[in-house]
């Protein structure tokens, strides 16, 4: 399924939620909508889902109306469940509403409840579910019919680590089947680990899109090595170490802090050998390394460069 947005605009009063957004998402692609809170990610998902209309522009989908809804799975912030019904009964309703055969629906639900560690609780009323369990149930309902378009608004919120790994596996499996998957997040690590391509938003505008590795390379950022030494040493020989572009130092109460910047042609894949050469040279000069921090540029740097915001990465 291919999704195409052309010059989409949306306002809520004086707030510009989407500002001339043009974007294509292809079959078998996982697109991560990344941006600070309030950047327009959730609004864009709702426009694609046809839950709210754009003020201007167009959203092109391969079908419309009920035919489109039957092929779409979605999860948004507020998940509505029948509290008195069991988890299984809620999910069963969704499966049958999507036109699934009863036997196929049961088998699929049994698999999904098992994968999300809810099999032992599927007979309990949803009123007894925790927030995380409700999020898992919402994902089961969104994925039960193996949709060809999957729209997820911050899907990992409330999930434990094992559930996040399960979700990532299910989404990659769906993408291999040809599904188009669009999810929103303000977590750069989630975007980098899950998405084939990232679209970075801020204040309703699409700033840039591309594969995470491409976006990182576009910054021309360099690998840096931070060393803390017990006592000062002669730093001049460090400048001659192959792969080193520059060396800086600062005396602090806890020792000498050295910053080594890799040459422009350096790469994260070669940073370990550069680190070894730098530490060897420090040892040759009689230095004692107390602490080391090797930092390669990543998607958090892209986030900060374009939005000026503090990312949610630790």
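Scanning the stretch 198-217 for residues that are out of contact with any helix residue (DSSP H, G or I) (no Cβ under 8 Å at 6 or more places or on another chain) and surrounded by fewer than 19 Cβ atoms within 10 Å (Cβ to Cβ) gives 203, 205, 211, 213, 214, 217.
For the stretch 236-253, the count of residues that are closer than 30 Å to residue 45 by Cα and in a strand (DSSP E or B) is zero. The residues listed here are 103, 80; of these, the one that is exposed (fewer than 14 other Cβ atoms within 10 Å of the Cβ), modelled with pLDDT under 95 and assigned by TED's automatic domain parsing to the domain that holds residue 53 is 80. Does residue 237 meet the test of being under 28 Å from residue 277 (Cβ atoms), surrounded by fewer than 16 Cβ atoms within 10 Å (Cβ to Cβ), in contact (Cβ under 8 Å) with a residue 40 or more places away in the chain and touching a helix residue (DSSP H, G or I) at 6+ places or on another chain (Cβ under 8 Å)? Taking the combined requirement at face value, the residue satisfies it.
The rows are residues; the columns are (1) in contact with a helix residue (DSSP H, G or I) (Cβ under 7 Å, 6 or more places away or on another chain); (2) under 27 Å from residue 66 (Cβ atoms).
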position: 118; (1), (2): yes, no
position: 127; (1), (2): no, no
position: 132; (1), (2): no, no
position: 138; (1), (2): no, yes
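Please tell me if residue 107 is free of Cβ contacts under 8 Å to residues at least 40 places away in the same chain and out of contact with any helix residue (DSSP H, G or I) (no Cβ under 7 Å at 6 or more places or on another chain). Against the criterion (free of Cβ contacts under 8 Å to residues at least 40 places away in the same chain and out of contact with any helix residue (DSSP H, G or I) (no Cβ under 7 Å at 6 or more places or on another chain)), residue 107 qualifies.
Meeting the requirement of 1 or more residues that are more than 17 Å from residue 304 (Cα to Cα), the strands (runs of 3 or more DSSP E) wholly within the stretch 194-234 are 197-202, 224-229.
Please work out if residue 23 is at pLDDT 95 or above, crowded, with 22+ Cβ neighbours inside 10 Å and either in contact with a strand residue (DSSP E or B) (Cβ under 7 Å, 6 or more places away or on another chain) or under 22 Å from residue 98 (Cβ atoms) (or both). Against the criterion (at pLDDT 95 or above, crowded, with 22+ Cβ neighbours inside 10 Å and either in contact with a strand residue (DSSP E or B) (Cβ under 7 Å, 6 or more places away or on another chain) or under 22 Å from residue 98 (Cβ atoms) (or both)), residue 23 does not qualify.
Within the option set 45, 51, 70, being in the same structural domain as residue 206 (by TED's automatic domain parsing) and either modelled with pLDDT of 95 or more or touching a helix residue (DSSP H, G or I) at 6+ places or on another chain (Cβ under 7 Å) (or both) holds for one residue only, 45. Would a scan of the stretch 3-15 turn up a residue that is under 18 Å from the mean Cα position of the chain (by Cα) and part of a loop (DSSP other than H, G, I, E, B)? No, there is no match, as no residue in the stretch 3-15 is under 18 Å from the mean Cα position of the chain (by Cα) and part of a loop (DSSP other than H, G, I, E, B). Does residue 69 satisfy the condition of being within 22 Å of residue 167 (Cα to Cα) and either touching a residue at least 60 places away in the same chain (Cβ under 8 Å) or assigned to a helix (DSSP H, G or I) (or both)? Here the answer is yes, as residue 69 does meet what is asked. If you filter the stretch 72-98 down to residues that are within 24 Å of residue 18 (Cβ to Cβ) and in a strand (DSSP E or B), you find that the one that is farthest from the chain's Cα centre (by Cα) is 72.
Considering (1) in contact with a strand residue (DSSP E or B) (Cβ under 6 Å, 6 or more places away or on another chain); (2) surrounded by fewer than 16 Cβ atoms within 10 Å (Cβ to Cβ), the lone condition that residue 52 does not fulfil carries the number (1). Checking the conditions here, which among 138, 132 is assigned to a helix (DSSP H, G or I) and crowded, with 22+ Cβ neighbours inside 10 Å? Just a single option satisfies the conditions, and that option is 138.
The values are calculated or read from the model by the stated rules, or taken from the named source; none is laboratory data. Not measured: the values here are computed from a predicted model. No Cβ is skipped: glycine too gets one built from the backbone with ideal geometry, and neighbour counts run over all protein chains shown.
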